[in-house]
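One structure is given here, and the rest of the page talks about it.
Every number in this text was worked out from the coordinates using simple rules, so none of it is lab data. What you see is a predicted model; the values in this text were computed from it and never measured. FYI the Cβ positions are ideal-geometry reconstructions off the backbone, even for glycines, and counts take in every protein chain you see.
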Amino acid sequence: MTTSSERLREIRRLAPHIDDSLAADFNVVLRWIPGGEPPYRVITSYPKATVGGVNDLERRALIAKIPHLRNLLAAVFNYDWDLDYEDAEAAYASVFDDLDADARVEYIREAQLLERELTSETEVQEFLNFVGSGLAPSEDLGVSLAEWPRALVRRIRKSMEQ
């Protein structure tokens with residue numbers, strides 16, 4: 001386990017543009033970009049309090065109800081997913097486009113649950129952070145955080161047409 005001062009030094013080294021108050025009070029998620037300048041990109045930052053906040057039990061209960069989408073978000077859209085897929089649509093296609101009818105119904109059910117439960121940009125971002133997803137809907141899919149659950153339902157339904 002690292003101390004706060006060690007953590008601050010490491011964040012300053014990796015992301016010198018992030019000031020100390022942000023580094024001390026927020027968790028920062030970086031994506032490594034080989035050959036980039038700088039060699040990382042800040043995906044998101046969120047207050048530390050949201051990770052251990054009062055809603056953790058509710059988030060865990062929601063995650064337990066969506067095992068297929070949790071796998072999509074945490075495993076397929078891990079923090080370096082863009083090394084495995086050309087774009088987010090290709091990652092979606094690898095999961096959704098060859099589903100049988102029963103599996104598709106289950107994915108749609110799970111996505112509709114997210115659509116009902118995650119109604120604000122903050123809730124969506126905290127959820128994606130909590131499951132450890134590297135997906136940034138506005139950047140990777142061109143949809144706002146608040147719109148992403150609805151867009152996910154539409155994308156899964158679209159796979160039925162193929």
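Could you tell me which of rounded, prolate or oblate describes the range 68-131, using a ≥ b ≥ c as the square roots of the eigenvalues of the alpha-carbon gyration tensor, with rounded for a/c under 1.5 and, failing that, prolate when a/b is larger than b/c and oblate otherwise?
It comes out oblate by the Cα gyration axes.
Residue by residue through the range 72-81, which ³J(HN,Hα) values in whole Hz follow from phi under the Karplus form 6.51 cos²θ - 1.76 cosθ + 1.60 (θ = phi - 60°), with glycine and proline marked x?
Here the 3J(HN,Hα) series is 4, 6, 8, 9, 5, 9, 5, 5, 10, 4 Hz.
Expected output is a single nm value to one decimal: the length gained when fully extending between Thr119 and Asp56, i.e. 0.36 nm times separation in residues minus the C-alpha distance. What is it?
21.0 nm
Which value in nm describes the separation of the simple spin-label points at Arg157 and Ala93, placed 7 Å from the Cα toward the beta carbon?
Between Arg157 and Ala93, the simple spin-label model gives 2.2 nm.
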